[in-house]
1. If DNA, RNA and ligands are ignored and the probe is 1.4 Å, what is the ranking of ARG128, ARG159, ARG172, ARG33 by accessible area, most exposed first?
2. Where a Cα-Cα gap under 20 Å defines reach, which lysines qualify for LYS154, not counting those fewer than 8 residues away within the same chain?
3. On a straight-distance basis, which lysines could pair with LYS112 in a cross-link, Cα separation under 21 angstrom, same-chain partners fewer than 8 positions away excluded?
4. Sticking with the crude label model, points 7 Å out along Cα→Cβ, report the distance from ASP92 to TYR167 in nm, one decimal please.
5. With a 1.4 Å probe and all protein chains kept in place, how do GLU64, GLU181 rank by accessible area, largest first?
6. Set the Förster distance to 22 Å, then compute FRET efficiency between SER52 and SER83 from the Cβ-Cβ distance, nearest 0.05.
7. How do HIS60, HIS170 rank by accessible surface area computed with a 1.4 Å probe, from largest to smallest?
8. For the pair GLU64 and TYR17, how long in nm is the line joining their label points, each one 7 Å along Cα→Cβ?
Amino acid sequence: MPISTIVYTGLAGVALYLVSYCWKTRIPRGLKRPPGPPGHLLIGNLLDLPRSEEWLTFNHWANEYGDLFYLSLPGASILFVNSYELAQELFDKRGSIYSDRYQSTVMNEFLKLGWTVVLQQYGEKWRRDRTYFHQFFNQTAVGNHHEVQMKYTKVLLKRLYQSPEDYRKHLRCILGALVLEVSLVSGSHYNNEC
């Protein structure tokens, strides 16, 4: 492969990266970002982030740019809310508009955990799953599992007394049995083989 082809391929790759970066960081027409320290091309405010005593820098920026300021980092944008009143207005009163969960590629794509209530995006499925989860694990419902918890606590203590060196095995086994009995197989019995 001639050297010029490698150079052209590399330049095309860099150009594609720059175009995708510009496309990703663009702002819809008529809108503007909140104020914040000016960033650098491609790395944003990465070099501006403090390595220690972060609160002092963030307080300085809040004094300079206001209670709402913006930082750009490679792959992330951070909006700082620096007053209780503004936080209450944005997150309590208008929370359904502005709130959502961070999408982790590792958790959702690689580990395939995006189905869990904790990692789901807000929406109809999340509301339905959360309602179902809340039926079994609210403050009142957890009290209904007290007898099962006590049963497995006694089994765990007995196992730990007999062979403390196998504590990890005992914990894993007891927690698995407890979760199964509470959530799936009510009335199941602890397997001594475990």
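1. Ranked from most to least accessible, the order is ARG172, ARG128, ARG33, ARG159.
2. Answer for LYS154, where 20 Å is the Cα cut-off: LYS169, listed by chain and number.
3. Answer for LYS112, where 21 Å is the Cα cut-off: LYS125, listed by chain and number.
4. About 4.2 nm, to one decimal.
5. GLU64, GLU181
6. 0.35
7. HIS60, HIS170
8. Between GLU64 and TYR17, the label points sit 2.8 nm apart.
The values are calculated or read from the model by the stated rules, or taken from the named source; none is laboratory data. Quick caveat: nothing in here was measured; it's all calculated off a predicted structure. Methodologically, a virtual Cβ is constructed for each residue, glycine included, from the backbone with ideal geometry; neighbour enumeration extends over all protein chains shown. SASA here: full protein model, heavy atoms, side chains in, ligands and nucleic acids out. Shrake-Rupley method; radii C 1.70, N 1.55, O 1.52, S 1.80 Å.
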